[in-house]
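Asker: First the structure, which I've put down as structure tokens, then a few questions once you've had a look.
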Amino acid sequence: MAILNRLTYILALLGLSLTSCYSDFEPDVLSKPVLCMNAVFTAGDSVRVELTRTWRYDEGIPGEDFNIFVTDAKVLLYVNDEAPETLVVERHITSDPYFPQYKDRDVFVSKSYIPRPGDRIRLEAVSENYGAASAEVTVPRQIKIDHVEKEVKNIRPSRYGSIPYMFDIDLLVYFTDSDATQDYYKFDCKSSPYYYGDSGAIARFYYTLDLTAEPLFTEHVSTLESVIANTSGYSIFSDRQINGHTYPLHISLKDLQLDYNNPNNNPELANAGVDLILSAISPDYYKHVLSVWEAEDGIVGSLGGVGLGELVSTYSNVSSGAGIVAASTPATYHLALPPLIPE
Amino acid sequence: MKRMTSLALSLLAAGAVTLCARNVTVHAHNLPATEVFEEIMTRSGLNFVYPSTLLKGLRVSVDADNRPLEDVLDEMFRDTGIVYRMRGDNIILSRRKAAENATVSGFVREEGSEEPLVGVIVTGADGKSRTATNSMGFYSLTLPCGSQSLSFSYMGYEPQSTRPFTLTVNRNVDVNLIPSATKLSEVEVLASPNRNLSMSTPSIGSLKVSKSAIVSTPVIFGESDVIKTLQLEPGVSAGIEGTAGMYVHGGNTDENLYMLDNIPLYQVNHLGGLFSAFNVEALRNVDFYKSSFPARYDGRLSSFMDVNTKDGSMKERHGSLRLGLTSGAFNIDGPLNNGKTTYSVALRRSWYDVLTIPTFAIVNSLRNDDHFSVGYAFTDLNAKLTHRFSERSKAYAMVYYGEDYLKVTNKHDDEDKQSDYDEEKHRLRWGNIVASMGWNYVFTPNLFGEVTGAYTRYYSSMVSDKDYGVYHDSKPVMQTRDNTRTENNINDWIIKTDFDWRPYRSHNIRFGAGFTRHSFLPARTRRTLQDASTTITARELITSYHANEFNLYGGGDWQPAGPLRINYGLHFSLFDIEGKKHTNLSPRLSAAWSVNDNMVVKAGYSRTVQYVHQLMQSSISLPTDQWVPITADHKPQTADKISAGAYITLGRDYTMSVEGYYKWMDNLLDYQDEYYLLPPDTDWEAKLTPGSGTSKGIDFKIAKEFGKVTGHIAYSLLWADRCFADKNGGRPFPARFDNRHKINLMLNWQISPRWEMSAAWTGMSGNRFTLATQIWNDPQLAPWHYDMLMGTDVNNFRLPFYHRLDLSAKRNTKRGYWTFSLYNAYCNMNTIAVRRDYNFRFDSNRHTDSFPVFQKIKLIPVIPSVSYTWLF
């Protein structure tokens, strides 16, 4: 459907021009790399700061053609205006075969600090080759999930022989916004690990997270954009329309298939399910994600991309113009799926 | 005795002179005045008192049946140099003081249709006294008393001269000009509206565009377009390839005041700007001003374009039907009420939906679970009714309606009716409505006036419905419904008067006043979220403004000395909004000095003020474009412009002009950096930033207006920049359409009465483009992976040189004409933007790999088109 929408847009703008073509070239625009600083301070989680340099788009593929990570910089962490801590470099191993630039990398970490809601954090970094960068963020207060209403629907035969049937679950995830502050949120859903117990005990499930029914996830979309833009996957929103109210997010787990056998052999299996995560996020976090959406799917960015509008650059709150220093405080509600299995 | 017999017979035949109250009946033909007056005195008891020598040798003619005495006396004494006064029963005759000058006035119309001709050059016997007809075809020329004659010349019409006459008092001369079938091949008319503007007025950067010039300009899809004709003029940038954009002397597109019969039109584009809203079938001619502005015009910073629509033929019904590749047009006009009333109706509609609706119907019939359709159309309707009460009095009513309509439906359904479904419907409408009524009157040969009342409306409406649901027992059950409705519009009620007064031979004054009641609705947004149990109006925003605008202007053309002509003016405006009264005075001054018969130098200054402006998210016209007013928080936009030029006639056929200008613009408004991160329903003022700009340049043009081959070569040199507090970090940046060099060649060849060919070549420095080259590492906070673009200076890159040749041919047939055109004839696809993409590369082992590259986006190859216009 989104593809169709996209198609409409392309047809409307360019179809009348019958055809277009592209040719490679090297634009005569001078630009030099600067220091980029990325960090997300999550309440209760350890601190990790990535320092990289920017690169010219046609320079090549980072991680493959050149290294972008900067390790010779000095990074200072200030928390609530107290004496700074100098972050140290540590090897972080997260191999990703699809994006070589995200191979094992050196990041800056704090050995002592764990972020807490309300902390005001400032990062300052200086690199001899790429200059300085600094940014500030406050860790937001936690907004808890009040309760979750569940409804199992559309029980139907499964497409897999080993699983007898599939079904959908509609969820209403209630939370209460604070009317004292301007809040930003991100909703996410994370599966708990598969359970493999002894004696054939297993709890394994497949589903599609459907966010399309929740209008708040598209509050940043204007009417014209709702015609032409793709909004799938985005689940950030603000309290602009629900300030101080209790509101249920409309979430669906579609085509849920649960491979659930011999539970009695492992009591933990009864707790298998998904974590519904409502994170309070910093304003810059929200703006950054919004700018990514606007650049790729919004009307300004889409038109700018074909020369009909202004360029939408990615939002950065770092002084160098590259990177994002954000914060989030998650609240988790665990939804155990086995109790919802229809009889 | 013979004379007495003749008089007696005349009087007897007419029932003698009878006087009823102040009405008289008298018939006399070339009789001595004394005899006629004596007979009137005898029968009426009125006394004519006059010196004995006054009527000596004077003969008069009059035919009157029960007409007012004053009318009869006027007729009898016309051209005699005798005036009268009435005192009781005495009518005192005396000789008029020897007048130095008298005024000849009248209307110039087209023979056959009786359409007023605008810009006809009217020249006195000395060859130096000249004027041009106004938008109603009216002229007024004050000449020395004595032997005079008038000649009327207009491009595309046979020239006409009156027989010599003795000018002693003001007189009326109406003329009908006959269209020249051979387009000046056999007759020489070395005067044209534009040559007159260049050589005989202080006007700088003004242009009159005829309908024939518009039709003969080659354009994309063969859709003749006034704005695309103006794009070929120096100092006018076209904007985006193929569109009807107009950026005059480094200004923005909303800084042009487009008028339809002198009434503002806000939305002038269809289909994202590919076509303008002016249906060429409905228009008569166009006035365009880009440097020195008459005092009557204000309200925009860069240019003024007044499109005059047809009145309709007074003699017989005419019409045309045009079938083109993208649209069709129907036009009909003719007389009503014995020719005193005329009508003109023109309708144009696009074809796209005729093609897309059945296409999508076929595609959807082949699919079970996804249904998708798009329908788009634009429509223009112009209608005008004109009534002539007398030669001096005329009234009209005019309506324009233009709309774009886009409907998109998208439905995803579960083929087995077991799972879920979703359905989206989007309906967008945007356009204009203009309705106006006017009355114009020739008060005296020296004074022409017009009063106009009008309503003009721009509107945009976007409605979106999204339903998500599931099937229960194969029946659809709504799960959530999301309804969004966004509207924005502007409504103006206008009343104004304009006068054209020529008190002296060397002085022509125009003055007037107007009042406009503006109602702005920049945004009315309502979003309703509904699920099975609750309905939430999640977003409701109404922002509206009302404003009163008052305008008063006066100005004139003055020729204080033979070679010197001055145009002066002052436009006062008051804009009252939210309790804040913005007042401005816009002075205008330009002067022309005729160095000799073939060369004129000019200089001028003008100030313009703009109270409303358009918020555009892109360079193409979209329904999201909003017209918003200056509010209490912002100052009116102003522009001060100085300009100078030299105009030279080269031989009989050529005119050369060089115009330079420098323009300062203050209180400009633009979107601030990252405004798109604000919620869509944010108050628009919060997204804007004030700033300033400058532009400077030179326009050069050589035109050949006469002969079988006509055309022009134009070159313009331009620098335009902007500086806003919250855009580009507060640093100045070049304007988007800062096309440094621009060359236009336009050629029109009348091969034979049947064939006419045109060619237009455009070459210019490319548009400015904001090109982000630096990428930063993705922190992966968004659901998908993209390149993180680092911000850069606005418009930091100039696109490659742009050039294009358009050709067209017109073949006249017995019943109409064919138009063939080739847009971009040599298929040079011009770069409109730069994108980032990946291309393949080979490594040392000949393995392919993708590699990031910048690519030019090139648009619009050669496009042939054909249309046929049937005339009836």
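Asker: Quick one: of B:K211/B:K814; B:K310/B:K581; B:K128/B:K208, which pairs are farther than 30 Å apart, Cα to Cα?
Answerer: B:K310/B:K581
Asker: Counting pairwise Cα distances across region B:696-759, what percent come out greater than 15 angstrom?
Answerer: 65 percent
Asker: Determine which aspartates and glutamates satisfy two conditions relative to A:K144: a Cα distance under 18 Å, and not lying fewer than 8 residues away in the same chain.
Answerer: Cα-Cα hits under 18 Å: A:D45, A:D177, A:D179, A:D183, A:D188, A:D239, A:D275.
Asker: Right, something else. Please work out the FRET efficiency for the pair A:L30 and A:K74, using the Cβ-Cβ distance as r and a Förster radius of 25 Å; give the result to the nearest 0.05.
Answerer: It comes out at approximately 0.35.
Asker: Give me a single rounded figure for A:311-324: the average over its residues of other chain Cβ atoms within 10 Å of their Cβ.
Answerer: 6
Asker: Then there's this: Tell me the label-point distance for the pair B:R815, B:C723, using the 7 Å Cα-to-Cβ offset, in nm and rounded to one decimal.
Answerer: 6.5 nm
Asker: Let me ask another. If you take the square roots of the eigenvalues of the alpha-carbon gyration tensor of region B:289-347 and sort them as a ≥ b ≥ c, do you get rounded (a/c under 1.5), prolate (a/b over b/c) or oblate?
Answerer: Oblate is the answer for region B:289-347, as a/c is 1.5 or above yet b/c matches or exceeds a/b.
Asker: Also, quick follow-up: Can you figure out the FRET efficiency of B:T682 with B:N491, using R₀ = 22 Å and their beta-carbon distance, to the nearest 0.05?
Answerer: After rounding, the FRET efficiency stands at 0.40.
Asker: Using only alpha carbon pairs under 8 Å that are at least six residues apart, calculate the relative contact order of chain B and give it in whole percent.
Answerer: Reported relative contact order: 9 percent.
Asker: Turning to a different aspect of this structure: How many nm is it between the label spots at A:R141 and B:S61, if each spot is 7 Å from the Cα in line with the beta carbon?
Answerer: Rounded to a tenth, the inter-label distance reads 10.1 nm.
Asker: Using the Cα centre as the reference, give the magnitude of the dipole from point charges on the C-beta atoms of region B:718-791 (Lys, Arg: +1; Asp, Glu: -1; all else neutral), rounded to the nearest 20 debye.
Answerer: Approximately 300 debye in magnitude.
Asker: Also: Quantify how strongly other chains surround peptide B:556-566 by giving the mean number of their Cβ atoms within 10 Å of each of its Cβ atoms.
Answerer: Taking the mean over all residues of the peptide, I get 0.
Asker: With an 8 Å cut-off on Cα pairs and a minimum separation of 6 or more residues, tell me the relative contact order of region B:290-352 in percent.
Answerer: This gives 27 percent for region B:290-352.
Asker: Let me ask something else about it. Total Lys pairs in region B:614-714 closer than 23 Å by alpha-carbon, pairs eight or more apart in sequence or interchain only?
Answerer: 7
Asker: For the ranges A:78-84, B:755-761, B:277-283, B:402-408, what's the packing order if you count other beta-carbon atoms within 10 Å of each residue, average per peptide, and put the highest first?
Answerer: Packing order, densest peptide first, comes out as B:277-283, B:402-408, B:755-761, A:78-84.
Asker: With point charges of +1 on the Cβ of Lys and Arg and -1 on the Cβ of Asp and Glu, referenced to the Cα centre of the protein assembly as shown, which listed residue (A:G60, B:W818, B:G556) lies farthest in the positive direction of the dipole?
Answerer: Going by the Cα projections, it comes out as B:G556.
Asker: Using Cα positions and a limit of under 13 Å, work out the aspartates and glutamates in reach of B:K56, with same-chain residues fewer than 8 apart set aside.
Answerer: B:E35
Asker: About its Cα centre, what dipole magnitude does region B:243-390 give when the only charges are +1 on Lys and Arg Cβ and -1 on Asp and Glu Cβ, stated in debye to the nearest 20?
Answerer: Using Cβ point charges on Lys, Arg, Asp and Glu, region B:243-390 gives about 580 debye.
Asker: Full-extension gain between A:N67 and A:T176, please, as 0.36 nm times their residue separation minus the C-alpha to C-alpha distance.
Answerer: Value of the extension gain: 34.7 nm.
Asker: Starting from the exponent 0.38 and prefactor 2.2 Å, build the expected Rg for region B:101-191 from its residue count and divide its actual Cα Rg by it.
Answerer: 1.04
Asker: Continuing with the same structure: First check a/c for the protein assembly as shown, with a ≥ b ≥ c the square roots of the eigenvalues of its C-alpha gyration tensor; if it is under 1.5, answer rounded, and if not, answer prolate when a/b is larger than b/c or oblate otherwise.
Answerer: Taking the square roots of the gyration eigenvalues as a ≥ b ≥ c, the protein assembly as shown is prolate.
Asker: Separate question: Taking the Cα centre of the protein assembly as shown as origin, work out the dipole magnitude from +1 charges on Lys and Arg Cβ and -1 charges on Asp and Glu Cβ, in debye rounded to 20.
Answerer: 6500 debye
Asker: Sticking with this one: Select from B:I863, B:N489, B:N767 the residue farthest towards the positive end of the dipole of region B:309-871; place +1 on Cβ of Lys and Arg, -1 on Cβ of Asp and Glu, and compute about the Cα centre.
Answerer: With unit charges placed on the Cβ atoms, the residue in question is B:I863.
Asker: Another question, if that's okay. If a/c stays under 1.5 just call it rounded; otherwise compare a/b with b/c (prolate if a/b is bigger, oblate if not). Do that for region A:33-139, with a ≥ b ≥ c from the square roots of the Cα gyration tensor eigenvalues.
Answerer: Prolate is the answer for region A:33-139, as a/c is 1.5 or above and a/b outweighs b/c.
Asker: So what J values fall out for region B:509-516 if you push phi through Karplus, 6.51 cos²θ - 1.76 cosθ + 1.60 with θ = phi - 60°, rounded to Hz, Gly and Pro as x?
Answerer: Result, rounded to whole Hz: 10, 10, 8, x, 8, x, 9, 10.
Asker: From zero up to wherever the largest Cα-Cα distance of region B:198-309 sits, split into 5 Å bins and tell me the percent of pairs in each.
Answerer: Going out from 0 Å in 5 Å bins, region B:198-309 shows 2, 12, 25, 26, 22, 9, 3, 0, 0 percent.
Asker: What's the angle, to the nearest 10 degrees (0 to 90), between helix B:2-13's Cα axis and the longest principal axis of chain B?
Answerer: 50 degrees
Asker: Counting other C-beta atoms within 10 Å, which of A:C189, A:C21 has the fewest, and how do the rest follow?
Answerer: Final ranking by Cβ density, sparse to dense: A:C21, A:C189.
Asker: Quickly rank B:674-680, B:46-52 as a protection proxy: mean count of other C-beta atoms within 10 Å, highest first.
Answerer: Put in order of decreasing packing, that is B:674-680, B:46-52.
Asker: By how many degrees, between 0 and 90 and to the nearest 10, does the Cα long axis of helix B:33-44 differ from the longest principal axis of chain B?
Answerer: The helix B:33-44 is inclined about 90 degrees to chain B.
Asker: By how many nm would the segment from B:V595 to B:N338 grow when fully extended, if each residue of separation counts as 0.36 nm and the alpha-carbon distance is taken off?
Answerer: Length gained between B:V595 and B:N338: 87.4 nm.
Asker: Averaged across the residues of A:207-214, what count of C-beta atoms belonging to other chains lies within 10 Å of each residue's C-beta?
Answerer: 3
Asker: Another one. How far apart, in nanometres, would the label points at B:E38 and B:S212 be if each is projected 7 angstrom from Cα along the Cα-to-Cβ direction?
Answerer: For the pair B:E38/B:S212, the computed spacing is 5.8 nm.
Asker: Mind ordering B:514-522, B:55-63 by average Cβ neighbours within 10 Å, highest first?
Answerer: Peptide ranking by packing, descending: B:514-522, B:55-63.
Asker: I would also like to ask the following. Of all the C-alpha pairs in region B:309-871, what % are more than 48 Å from each other?
Answerer: Result for the distance tail: 23 percent.
Asker: Across region B:132-141, in residue order, what do the Karplus-derived ³J(HN,Hα) couplings come to in whole Hz, using 6.51 cos²θ - 1.76 cosθ + 1.60 with θ = phi - 60° and x for Gly and Pro?
Answerer: Values per residue, Gly and Pro as x: 9, 6, 8, 5, 9, x, 8, 9, 8, 9 Hz.
Asker: OK, next. Taking 0.36 nm per intervening residue step and subtracting the Cα-Cα distance, what contour gain separates B:E111 from B:W664 on full extension?
Answerer: Separation in residues times 0.36 nm, less the Cα-Cα distance, equals 194.5 nm.
Asker: Quick query: amide H of B:S180 versus all other amide H atoms, modeled in the peptide plane; which residues come in under 5 Å with a sequence gap of 5 or more or a different chain?
Answerer: Amide H neighbours of B:S180, under 5 Å, 5+ apart: B:Y157, B:E158.
Asker: Give the aspartates and glutamates whose C-alpha is closer than 17 Å to that of B:K496, dropping any in the same chain fewer than 8 places away, or say none.
Answerer: Straight-line reach from B:K496, under 17 Å: B:D261, B:D298, B:D306, B:E450, B:E549.
Asker: Explain nothing, just compute: Karplus ³J(HN,Hα) = 6.51 cos²θ - 1.76 cosθ + 1.60, θ = phi - 60°, for every residue of region B:594-610 in order, whole Hz, x for Gly and Pro.
Answerer: So the J values, rounded to whole Hz, are 7, 5, 7, 5, 10, 9, 10, 10, 9, 8, x, 9, 8, 10, 10, 10, 10.
Read the figures in this text as sums done on the coordinates, not as results from a lab. Bear in mind that the values here come from a model prediction, so they are computed numbers and not experimental data. Note that we place each Cβ from the backbone using ideal geometry, even for glycine, and neighbour counts take in every protein chain shown.
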